[in-house]
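Participant: Before I ask anything, here is the structure I am working with.
What follows is calculated from the coordinates using simple rules that are stated; it is not laboratory data. Quantities reported herein were computed from a predicted structural model and do not represent experimental measurements. No Cβ is skipped: glycine too gets one built from the backbone with ideal geometry, and neighbour counts run over all protein chains shown.
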Amino acid sequence: MPLTIKHLLGLKGVSEQDITLILDNADNFYEVLQREIKQVPTLKGITVVNLFFENSTRTRISFELAEKRLSASPLNFSTSTSSVSKGESLRDTMRNIEAMKIDMVVVRHAAAGVPAFLTQCTGATIINAGDGLHEHPTQAILDMMTIRQKLGRLKGLKVAIIGDILHSRVARSNAWGMTTMGMKVVLCGPPTLMPQHPSPLGVEVTDSIDKALAGADVVMMLRLQLERQGSGLFPSIREYRERYGLDLEKLSRLTKKVLVMHPGPINRGIELASNVADGDHSVILDQVTNGVAVRMAVLYLLGGGGENA
Amino acid sequence: MKKIELLMDAQALDRALTRITHQILEKNLDLHNFGIVGMQTRGVFLAQRIAKKISGLEHIELAPGVLDVTLYRDDYRTAFKQPSVKVTNIPFNINGIDMVLVDDVLYTGRTVRAALDALTDFGRPKTIQCAVLIDRGHREMPIVADYSGMSVTTRSNQEVALKVMEIDNEDSVWLMEHEAGE
Amino acid sequence: MLEKNDGQIIFPPVLGASPQKLLIKNGRVIDPANSVDGQLFIGVEQGVITLCAKEVPADFSPQEEIDATGMWVVPGLMDMHVHLREPGREDKETIETGTQAACAGGFTSIACMPNTNPVLDEESKIRYVVQRAQDSVCRVYPIGSITKGLLGEELSPFGEMVRAGARAVSDDGRSVRMANIMKNALNYSKSFRIPVICHCEDADLTRGGHMNEGAMSTLLGVWGMPSIAEEVIVARDIMLASYTGARVHIAHVSTAGSVRLVRDAKKLGVLVTCETCPHYIALTDDDLMTYDTNRKMNPPLRTLADREAILMGLADGTIDVIASDHAPHVSEDKDVEFDAAAFGVVGLETSLAVVMTYLIEKEILLPSELVEKMSLFPNRILGLAGGTLSKGSVADITIIDPNARWTVDSRCFYSKGRNTPFEGFNLHGCARYTILSGNVVYERKGQS
């Protein structure tokens with residue numbers, strides 16, 4: 001059964017079948033990445049624009065690598081400020097780019113809803129690489145791929161996502177995607193870093209790290225944005241680390257051996273102790289490798305096609 | 001689709017594979033620099049059976065490789081939907097060896113062309129030979145089967161369907177035809 | 001060239017009192033100020049209502065007749081919260097286009113907010129608007145600002161603004177941040193017997209927000225503006241009004257908490273009135289699912305519970321007025337990503353129909369209550385004589401067709417603004433005739 005979605009705007013509402021299809025294909029793209037010649041000719045002649053309105057090196061490089069490994073032609077368009085302050089509207093930017101005959105757009109923007117907006121501006125396929133506080137679907141898929149790779153399954157596993165949930169689109173995409181795949185997700189963080197109305201996320205929410213870690217198979221730590229310290233959302237880094245940081249001491253209290261994940265970049269010594277980040281619980285580097293495989297699978301499945309409906 | 005003719009039953013299938021095995025052994029004398037690769041999906045099972053027959057005759061264990069050519073097709077841009085990428089696993093070094101690609105049906109030749117492209121990314125074999133169970137003609141590429149179980153004349157609204165015990169619970173090759181309106 | 005809703009603005013040669021004798025017959029006359037609701041004839045002479053009776057005297061001989069069979073004849077509607085954008089942003093709207101939009105919407109008078117450029121914070125600016133609006137098809141009453149330049153620091157000269165024609169003061173667009181300044185404004189307003197119209201918003205709580213903070217904002221990933229940001233300042237301004245004995249009018253009430261605060265304050269005898277807008281009556285934040293920027297305004301669309309409280313507040317009289325907060329924008333300001341879009345929606349040309357569809361048809365309001373909230377009370381709050389069909393009053397009349405059925409198409413608007421949250425909606429009811437000083441200035445033909 002082929003993929004039913006035409007764009008990848010988020011994981012909310014994406015079916016279990018579609019997510020499984022992407023994961024299965026990603027596993028086989030992973031094999032391509034182990035070969036000596038890490039390139040296949042599949043997307044030759046397909047032009048992909050990486051439209052990054054928000055600064056991001058790692059995600060953009062991951063997408064670019066995926067595009068190159070598929071022999072597609074990537075076009076990078078980066079601007080660190082919103083189009084509005086540059087004077088050109090988003091719609092005009094999109095129109096200008098499309099006039100250069102492009103097939104797919106990978107877009108990251110600080111405003112939620114931009115990928116959906118672009119589907120109305122252009123006929124190209126849109127892939128969301130992160131929109132505001134809304135979604136980051138490829139990150140969640142690579143997180144699930146890593147878990148499935150290491151633990152052999154997804155259904156029934158418990159995942160604790162810990163940190164600044166309020167500002168995390170990764171937490172949201174994972175909450176929706178993992179719930180679809182039959183996993184149990186718990187979101188944990190101080191009440192000031194949790195959405196005031198979390199019900200649409202459909203998962204358990206707690207401010208106690210012990211409660212979140214109890215019975216967890218996977219622990220995903222989120223980056224604490226240190227710039228936010230002055231904003232009154234949490235009193236001090238020391239207190240945050242003590243209550244919500246992951247270190248060997250907290251890990252040792254658990255009965256199961258958990259997988260430790262992090263979408264990166266890590267604030268070593270704050271949300272994640274160095275010896276845990278580098279230790280044998282950690283699959284953080286696998287996440288990075290899998291990221292390329294997942295993005296290859298997404299580009300492959302959504303791109304090309306004459307009558308792709 | 002409706003069945004037109006039973007081209008091979010289980011016994012005929014097995015005899016064909018045995019004959020192909022002997023033909024392969026006649027031409028490939030140095031089995032230490034030799035490899036078999038089955039094409040996804042059913043070519044994989046045929047390759048396994050040939051490898052087993054070879055080990056029975058020559059007492060040498062051959063681990064057949066598995067090749068998926070989905071990523072090397074020439075119709076990515078025009079295909080209606082993208083088929084899933086399946087496993088590729090060639091657990092031996094293909095450089096400098098004689099290798100036999102095994103597939104169930106040889107038709108336009110495009111799948112074999114894609115396989116040749118794929119193999120080039122893995123290395124440079126000394127020879128690449130092609131073994132198929134059924135050659136149904138209508139070639140669109142200059143591709144030839146070195147070993148063939150049976151040649152059949154077919155029409156383009158027909159299909160040759162191999163069923164194998166491993167996944168279909170029977171061994172057979174049927175000639176099928178698309179019904180009007182299909 | 002699209003026919004604008006099959007309607008036509010008619011400019012009489014000189015917009016003053018019409019010399020024609022006009023008879024409006026067979027209509028249901030609804031005039032709550034005079035406790036009137038029934039089949040009556042309305043006669044107009046020299047721009048003044050001279051007849052309101054069951055029968056027409058034989059010698060009346062009108063030159064013009066309007067057959068209002070099946071329709072309601074009501075005092076000219078008034079929208080007391082409109083942004084005309086002139087002076088300063090004539091690209092968004094002018095006094096001319098805004099008054100035409102009002103006229104087509106059935107309004108004979110509007111009050112316009114001072115957040116123009118320059119701000120209407122002194123006599124000459126008020127005079128400018130009054131003069132520019134002189135020959136319009138709709139009466140324009142300016143509202144002066146509370147503070148100079150809307151900066152929240154120094155009081156504007158209320159006296160000279162009132163002398164020039166201002167009927168109220170407001171810093172609409174924002175709250176007066178400092179409570180002591182607001183207290184001064186309320187005290188000072190008492191000398192002029194004008195209401196202080198409050199836009200209630202704690203800017204520290206709404207900073208960075210683009211929609212209501214709730215399940216929907218979590219779902220959409222958009223930073224939210226919590227309902228308490230409005231309520232905290234509603235409470236403050238009510239208490240300041242109570243303390244000073246001044247008159248306060250809460251603009252665009254959107255939350256259940258605000259309705260409750262006004263209700264309780266009224267019980268205690270505080271001189272508070274309030275208004276809500278058609279979009280809070282018809283829509284909720286669920287309607288933002290598609291990130292439609294034509295549904296982005298401040299205060300934002302709230303939850304279902306808030307909407308229900310608004311409907312309750314309208315039904316039990318807590319909410320006195322329905323006003324549109326008409327805020328036109330150019331397409332460049334709206335055809336962008338949600339976060340970057342300007343706040344505000346137009347409303348003059350859909351206000352009446354939305355109220356008919358969502359309140360009258362659903363029997364949440366009686367027709368007489370519609371007339372109160374969209375004509376009588378706005379006039380009274382601003383100290384104007386309009387809002388009635390009393391004999392001798394100026395013949396500003398709206399004839400409403402409750403059976404009209406039409407689909408909103410912003411391309412047909414008289415307003416320059418196309419940013420309506422009701423695009424494509426099938427609405428019931430419209431203004432068939434808008435009559436100003438006895439002149440028919442707007443007539444709408446056809447089924448729609």
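Participant: Give the residue from A:40, B:82, C:137 lying farthest towards the positive end of the charge dipole for the protein assembly as shown; charges sit on Cβ (+1 for Lys and Arg, -1 for Asp and Glu) and the dipole is referred to the Cα centre.
Facilitator: So the residue furthest toward the plus end is A:40.
Participant: Any idea what angle helix C:123-132 forms with the longest principal axis of chain C, computed on alpha-carbon atoms, 0 to 90 degrees, nearest 10?
Facilitator: Orientation of helix C:123-132: about 40 degrees from the principal axis.
Participant: While we're looking at this one, here's another question. Quantify how strongly other chains surround peptide A:113-121 by giving the mean number of their Cβ atoms within 10 Å of each of its Cβ atoms. Can you show the working numbers first?
Facilitator: Numbers: counts 12, 6, 1, 6, 7, 1, 0, 1, 1.
Average per residue, whole number: 4.
Participant: With a sphere of radius 15 Å drawn around the Cβ of residue B:22, what net charge do the other residues whose Cβ falls strictly inside it have (Lys, Arg +1; Asp, Glu -1)?
Facilitator: Working: positive: B:15, B:19, B:27, B:49, B:52, B:53; negative: B:14, B:26, B:58, B:146.
Here the count lands on +2.
Participant: Fewest to most neighbouring Cβ within 10 Å: what's the order for A:36, C:372?
Facilitator: Numbers: A:36 7, C:372 23.
So the residues, fewest neighbours to most, are A:36, C:372.
Participant: What size of dipole, in debye to the nearest 20, comes out for chain B about its Cα centre when the only charges are +1 on Lys and Arg C-beta atoms and -1 on Asp and Glu C-beta atoms?
Facilitator: Values: 21 positive and 26 negative charges, 54 e Å.
Dipole magnitude for chain B comes out near 260 debye.
Participant: I need the phi-derived Karplus couplings for the stretch B:166-175: 6.51 cos²θ - 1.76 cosθ + 1.60, θ = phi - 60°, integer Hz, Gly and Pro marked x.
Facilitator: 4, 10, 10, 6, 7, 10, 6, 10, 10, 8
Participant: Per residue of B:87-98, count partner chain C-beta atoms within 10 Å of its C-beta, then hand back the mean as an integer. Please list the in-between numbers first.
Facilitator: Numbers: counts 4, 5, 2, 1, 0, 0, 0, 0, 0, 0, 0, 0.
Average per residue, whole number: 1.
Participant: Toward the positive end of the charge dipole of the protein assembly as shown, about the Cα centre and with charges on Cβ (Lys, Arg +1; Asp, Glu -1), which of C:198, C:394, C:184 goes farthest?
Facilitator: Toward the positive end, the furthest listed residue is C:184.
Participant: Based on the mean of other beta carbon atoms within 10 Å per residue, what is the order of B:35-46, C:127-138, C:99-110, A:196-207, most packed first? Spell out each step's value before the answer.
Facilitator: Values: B:35-46: 22.6, C:127-138: 19.0, C:99-110: 28.9, A:196-207: 16.6.
Answer by packing, highest mean first, reads C:99-110, B:35-46, C:127-138, A:196-207.
Participant: Can you give the average number of partner chain beta-carbon atoms within 10 Å of each beta-carbon in peptide C:204-217, as a whole number?
Facilitator: Details: counts 0, 0, 0, 0, 0, 0, 4, 1, 1, 3, 5, 7, 2, 6.
Average neighbour count from other chains, rounded to a whole number: 2.
Participant: When ranked by the protection proxy of mean other Cβ atoms within 10 Å per residue, highest first, what sequence do the peptides A:149-155, A:173-179, B:117-123 form? Don't jump to the answer; show the numbers that get you there.
Facilitator: On the way: A:149-155: 13.9, A:173-179: 25.1, B:117-123: 17.7.
In descending order of packing, they fall as A:173-179, B:117-123, A:149-155.
Participant: Which value, in debye to the nearest 20, gives the size of the charge dipole of chain C about its Cα centre, when Lys and Arg are +1 and Asp and Glu are -1 at the Cβ? Walk me through the numbers before you get to the answer.
Facilitator: On the way: 43 positive and 58 negative charges, 196 e Å.
The dipole of chain C has a size of about 940 debye.
Participant: Now a separate question. Identify, among B:64, B:157, C:76, the residue whose Cα sits farthest towards the positive end of the charge dipole of the protein assembly as shown, taking +1 on the Cβ of Lys and Arg and -1 on the Cβ of Asp and Glu, with the dipole about the Cα centre.
Facilitator: B:64
Participant: Still on this model: Based on the Cβ-Cβ distance of residue A:248 and residue A:71, what FRET efficiency does E = 1/(1 + (r/R0)^6) give at R0 = 30 Å, to the nearest 0.05? Intermediate results must be reported in sequence, preceding the final value.
Facilitator: Details: r = 44 Å, r/R0 = 1.47.
For residue A:248 and residue A:71, the calculated efficiency is 0.10.
Participant: State, as an integer percentage, the relative contact order of the stretch C:281-418 based on alpha-carbon contacts under 8 Å between residues 6 or more apart.
Facilitator: Values: 140 pairs, mean separation 33.9, N = 138.
Rounded, it is 25 percent for the stretch C:281-418.
Participant: Using the count of nearby Cβ atoms within 10 Å as a rough guide to exposure, how do C:81, A:167, B:22 rank from fewest to most?
Facilitator: Working: C:81 27, A:167 21, B:22 13.
Result, fewest neighbours first: B:22, A:167, C:81.
Participant: Pull up all non-local amide H partners of residue C:442: gap of 5 or more, or a different chain, and H-to-H distance under 5 Å with H placed in the peptide plane.
Facilitator: Distant-sequence amide H within range of residue C:442: C:10, C:434.
Participant: What list of ³J(HN,Hα) values in whole Hz, one per residue of the stretch C:160-167 in order, does the Karplus curve 6.51 cos²θ - 1.76 cosθ + 1.60 (θ = phi - 60°) give from phi, with Gly and Pro shown as x?
Facilitator: Running phi through 6.51 cos²θ - 1.76 cosθ + 1.60 with θ = phi - 60° gives 5, 5, 5, 4, 7, x, 5, 9 Hz.
Participant: Next question, about the same structure. In debye to the nearest 20, how big a dipole does chain A give about its Cα centre with +1 on each Lys and Arg Cβ and -1 on each Asp and Glu Cβ? Write down the numbers at each step before the final one.
Facilitator: Values: 34 positive and 31 negative charges, 25 e Å.
Its charge dipole is roughly 120 debye.
Participant: Can you run phi through the Karplus equation (6.51, -1.76, 1.60; θ = phi - 60°) for the stretch A:20-37 and list ³J(HN,Hα) in whole Hz, with x for Gly and Pro?
Facilitator: Result, ordered by residue: 4, 4, 5, 4, 5, 5, 4, 4, 6, 6, 4, 4, 4, 6, 8, 6, 6, 8 Hz.
Participant: Show me the ranking of peptides C:21-27, A:272-278 by mean Cβ neighbours inside 10 Å, starting with the highest. Could the numbers behind the result be given before it?
Facilitator: Numbers: C:21-27: 20.7, A:272-278: 18.6.
Going by the mean number of other Cβ atoms within 10 Å, highest first, we get C:21-27, A:272-278.
Participant: Right, here's the next one. Where the centre of each part is set by its Cα atoms, how far does the stretch B:1-67 sit from the stretch A:1-60, in angstrom?
Facilitator: 35 Å
Participant: On full extension of the chain, what length is gained from residue A:5 through residue A:17, given 0.36 nm per residue of separation minus the C-alpha to C-alpha distance? Could you put the intermediate results ahead of the total?
Facilitator: Details: separation 12, 0.36 × 12 = 4.32 nm, distance 1.08 nm.
Between residue A:5 and residue A:17, full extension yields 3.2 nm more.
Participant: Still on this structure, I have one more. Considering only C-alpha atoms, what is the centroid distance from the stretch C:392-448 to the stretch C:7-48, in Å?
Facilitator: 16 Å
Participant: Next question, about the same structure. Just for the stretch A:137-288, what percent of DSSP beta bridges are antiparallel, to the closest 5?
Facilitator: On the way: 0 of 18 bridges.
If I count the DSSP bridges inside the stretch A:137-288, around 0 percent turn out antiparallel.
Participant: Then there's this: Once you order the gyration tensor axes a ≥ b ≥ c over the Cα atoms, which shape class does the stretch C:77-381 get: rounded for a/c under 1.5, otherwise prolate or oblate by comparing a/b with b/c?
Facilitator: Details: a/c = 1.25, a/b = 1.15, b/c = 1.08.
Note, shape of the stretch C:77-381 comes out rounded.
Participant: Among DSSP bridges having both ends in chain A, what percentage is antiparallel? Round to the nearest 5.
Facilitator: Values: 1 of 36 bridges.
Antiparallel bridges: around 5 percent, rounded to the nearest 5.
Participant: Set the Förster distance to 30 Å, then compute FRET efficiency between residue C:26 and residue C:423 from the Cβ-Cβ distance, nearest 0.05. Working shown, then result.
Facilitator: Numbers: r = 35 Å, r/R0 = 1.15.
The value I calculate is 0.30.
Participant: Something else now. Which value at 222 nm does the protein assembly as shown reach when only helices count, each DSSP H run of 4 or more adding -39,500 (n - 2.57), with the total divided by all residues and rounded to the nearest 500 deg cm²/dmol?
Facilitator: Working: 30 runs with 284 residues, N = 939.
Roughly -8500 deg cm²/dmol at 222 nm, from the helical runs in the protein assembly as shown.
Participant: Follow-up. Residue B:65's amide H: which non-local residues (gap 5+, or another chain) put their own amide H closer than 5 Å, with H modeled 1.01 Å from N in plane and none for Pro or chain starts?
Facilitator: Here B:36, B:37, B:38 satisfy the definition.
Participant: Can you give me the C-alpha center-to-center distance between the stretch A:97-133 and the stretch C:71-89, rounded to a whole angstrom?
Facilitator: 40 Å
Participant: Extension gain residue A:231-residue A:39, at 0.36 nm per residue separation less the Cα-Cα distance, in nm?
Facilitator: Numbers: separation 192, 0.36 × 192 = 69.12 nm, distance 4.62 nm.
Net length gain for the segment: 64.5 nm.
Participant: In addition: Which order do A:244, B:76 fall in if you start with the one that has the fewest other Cβ atoms within 10 Å? Mind dumping the intermediate values first?
Facilitator: Details: A:244 25, B:76 22.
Result, fewest neighbours first: B:76, A:244.
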